[in-house]
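K.L.:
Starting off with a structure, shown below.
The values are calculated or read from the model by the stated rules, or taken from the named source; none is laboratory data. Keep in mind it's a predicted model, so treat the numbers as computed, not measured. All Cβ positions, glycine included, derive from the backbone under ideal geometry; neighbour counts span all protein chains shown.
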Amino acid sequence: MNRLSHQQIARDIDWLLSSPSIINPNCDSRFICPATHPVHHYQITGSGYSELVDILHQRRSHLLGIYYESLWQYILRHSKEHQLIACNLQVQNNHKTLGEYDLILKSLRKQVFIHRELAVKFYLGLPSSTRSASPWNHWIGPGLRDRMDRKLNHMLTHQITLSETLAGQVALNALDITEVTTEILFQGYLFYPITGICPIPEDSAADHLCGHWLPINQLSAWLDREANEACYLPMPKSLWLSSYRGLPDPSIHLSKETLIQRMQSQLYKSARPQLVIRCHEQDGEIKENCRFFVVPDDWEAKALMAAEI
């Protein structure tokens with residue numbers, strides 16, 4: 001994970017606190033939404049920034065998921081509503097790791113202990129022949145290695161049920177905890193194809209965050225319909241969480257023509273889908289107004305195989 005500025009981390013924390021769940025909590029009460037009253041203009045002190053940098057250094061990972069977990073750990077350490085008891089608590093049996101608790105919390109208001117599992121995901125939906133809700137296996141990670149159904153099924157049948165196992169109970173008893181309430185926080189974005197039918201996933205929240213995806217061979221025609229004053233910015237994975245904003249900079253904010261050339265070059269080199277932010281200028285700042293993935297022309301065929309459709 002590249003070193004991020006105070007302002008970027010503050011925006012990402014605001015995003016964590018205000019972004020909806022991908023899954024509708026009314027369909028399964030274990031899924032939760034973040035606080036209904038987000039902290040706006042979150043300010044991180046110098047010591048707080050150093051604390052976060054130390055957390056990330058200790059975890060020694062560049063992965064976005066680890067950064068996401070680390071931000072939640074920081075938020076909960078400084079929460080007035082919860083006490084953070086443990087994070088990444090391993091559960092072992094006969095020296096074999098069976099799993100780990102992402103977070104063990106205590107609600108200071110309800111005086112109950114909580115086991116909370118965390119996930120931030122970015123899935124691309126596959127076109128469908130029906131308008132009914134699409135099954136979870138139709139939603140694939142951009143790298144083709146992750147699938148929404150597998151992740152959710154693992155969370156629901158293994159991760160969140162850890163406290164029901166004997167080894168999981170032993171780990172909790174070591175903290176003087178006998179019972180926990182279980183929660184799942186499943187945030188992120190769902191990206192819909194620009195052509196064809198792609199219904200929302202089963203049990204998804206109506207207000208889930210979303211974008212689009214398209215193959216590189218459709219990019220030029222699609223951008224021709226865009227306003228000429230728009231600019232574009234390919235985003236490194238470390239900046240996938242909060243909406244982009246920054247000062248105008250022609251060296252990084254690209255025109256349509258430059259974006260097409262950049263995408264053709266990058267996809268030729270790595271064949272790795274690229275997240276792009278479309279921006280506009282407002283009040284002297286460049287601000288995001290939508291995001292989309294540009295994928296190789298053969299990505300959909302490979303995704304259909306990964307989905308086992």
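K.L.:
Does the stretch 47-70 hold any residues that are touching a helix residue (DSSP H, G or I) at 6+ places or on another chain (Cβ under 6 Å) and touching a residue at least 60 places away in the same chain (Cβ under 8 Å), and which are they?
P.N.:
Within the stretch 47-70, 64, 66 meet the criteria.
K.L.:
Moving on to the next point. Suppose we filter the stretch 138-162 for residues that are over 14 Å from residue 126 (Cα atoms), among the basic types (Lys, Arg) and outside any helix (DSSP H, G or I); how many remain?
P.N.:
1
K.L.:
Which one of 284, 246 is in contact (Cβ under 8 Å) with a residue 12 or more places away in the chain, under 23 Å from the mean Cα position of the chain (by Cα) and farther than 23 Å from residue 123 by Cα?
P.N.:
Of 284, 246, the one residue that is in contact (Cβ under 8 Å) with a residue 12 or more places away in the chain, under 23 Å from the mean Cα position of the chain (by Cα) and farther than 23 Å from residue 123 by Cα is 246.
K.L.:
Additional query: Looking at residue 232, is it assigned to a strand (DSSP E or B), surrounded by 12 or more Cβ atoms within 10 Å (Cβ to Cβ) and outside the structural domain of residue 135 (by TED's automatic domain parsing)?
P.N.:
Considered against the rule, which asks whether it is assigned to a strand (DSSP E or B), surrounded by 12 or more Cβ atoms within 10 Å (Cβ to Cβ) and outside the structural domain of residue 135 (by TED's automatic domain parsing), residue 232 comes out as yes.
K.L.:
Let me ask something else. List the number of the failed condition for residue 188; all other conditions in (1) of a type in the set (Gly, Ala, Ser); (2) at pLDDT 95 or above; (3) not assigned by TED's automatic domain parsing to the domain that holds residue 72 hold.
P.N.:
(3) is the only condition that residue 188 fails.
K.L.:
Every residue in the stretch 278-306 that is in contact with a Ser or Thr (Cβ under 8 Å, 6 or more places away or on another chain) and surrounded by 15 or more Cβ atoms within 10 Å (Cβ to Cβ), please.
P.N.:
The one that is in contact with a Ser or Thr (Cβ under 8 Å, 6 or more places away or on another chain) and surrounded by 15 or more Cβ atoms within 10 Å (Cβ to Cβ): 288.
K.L.:
Here's a follow-up. Here are the criteria: (1) in contact with a Ser or Thr (Cβ under 9 Å, 6 or more places away or on another chain); (2) acidic (Asp, Glu); (3) buried (at least 20 other Cβ atoms within 10 Å of the Cβ). Tell me which single one residue 102 does not satisfy.
P.N.:
(1)
K.L.:
Tell me, yes or no, whether the stretch 216-229 has at least one residue that is farther than 25 Å from residue 301 by Cα and surrounded by 16 or more Cβ atoms within 10 Å (Cβ to Cβ).
P.N.:
no
K.L.:
Check off (1) closer than 28 Å to residue 77 by Cα; (2) among the polar types (S, T, N, Q); (3) out of contact with any Pro (no Cβ under 8 Å at 6 or more places or on another chain) for residue 137 and give me the number that stays unchecked.
P.N.:
Condition (1) is where residue 137 drops out.
K.L.:
Which condition breaks for residue 266 when tested against (1) at pLDDT below 95; (2) exposed (fewer than 15 other Cβ atoms within 10 Å of the Cβ)?
P.N.:
Exception for residue 266: condition (2).
K.L.:
What are the residues in the stretch 31-47 that are at pLDDT 75 or above and over 17 Å from residue 82 (Cβ atoms), if any?
P.N.:
31
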